[in-house]
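Please treat every number below as a calculation from the coordinates, not as lab data. No experiment lies behind these values; they were computed from the predicted model shown. Counting neighbours? That spans all protein chains shown, and the Cβs are built from the backbone with ideal geometry, glycine included.
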Amino acid sequence: TPDALLVAGKAALKQRDYTTAYDNAQAALKNAKGNFKVDAQFLLAQSLAGQKQYRQSAVAYYDAYRQAPKSARAPDALLGVSASLLALGDKKAACQALGKLKSEFPSPAARVAHAAESYTAKGGCS
């Protein structure tokens, strides 16, 4: 089931087994609906970032955001987009993603706000 695949994928991600996490996310995406689909897309993005496939992870994070732009997962997805873009050296696009995060989620969770501050500094965003 998509749920079991997500659980297994998240466990693999914690073990830094990014290939297994990716495979589980791909399999979960085939049958997932609703929140499961967003979670599977987010897991896919995390596994790609873990494999240092930053261009693909930026796209996957943005897809997770686009699927549910008002969900609890959306701020993390935009944060993932900016982190992946910073890893690629694309500071301008990373700053745009951070700007979107700040405008759409003016009061994010403390963890998200702290990471956004850090990425804003790394990107030299104004």
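Let a ≥ b ≥ c be the square roots of the eigenvalues of the Cα gyration tensor of the stretch 37-126; is it rounded (a/c under 1.5), or, if not, prolate (a/b larger than b/c) or oblate? Taking the square roots of the gyration eigenvalues as a ≥ b ≥ c, the stretch 37-126 is oblate. Using a cut-off of 20 Å between Cα atoms, the listed pairs K52/K102; K52/K91; K70/K122 include K52/K102; K70/K122 as exceeding that distance. Using a/c under 1.5 as the rounded threshold, could you call the stretch 11-65 rounded, prolate or oblate? The axes a ≥ b ≥ c are square roots of the C-alpha gyration tensor eigenvalues, and prolate needs a/b larger than b/c, oblate otherwise. Oblate.
Taking the chain as a Gaussian network of alpha-carbon nodes connected by springs under 10 Å, the highest mean-square fluctuation of the residues S71, S107, S84 belongs to S107. The longest stretch of the chain left intact once loop-based trypsin sites (Lys or Arg not before Pro) with at most 16 other Cβ atoms within 10 Å are removed from consideration, loops following DSSP, is 71-126. For the chain, the 222 nm mean residue ellipticity estimated from helices alone, with every DSSP H stretch of n ≥ 4 adding -39500 (n - 2.57) and the total spread over all residues, rounds to -26000 deg cm²/dmol. Based on Cα contacts under 8 Å between residues 6+ apart, the chain shows a relative contact order of 17 percent.
Work through the residues other than C125 whose Cβ is under 11 Å from its Cβ and net out their charges, Lys, Arg +1 and Asp, Glu -1.
Details: positive: K91, K92, K102, K122; negative: E117.
Within the 11 Å Cβ shell, the charges total +3.
When the chain is treated as a GNM with alpha-carbon contacts under 10 Å, the residue of S103, S82, S57 showing the greatest mean-square fluctuation is S103. Among G99, G89, G80, which one shows the biggest mean-square fluctuation in a GNM of the chain, springs joining Cα atoms closer than 10 Å? In the Gaussian network model the winner is G89. Compared with the dominant Cα axis of the chain, that is its longest principal axis, helix 110-123 is turned about 60°.
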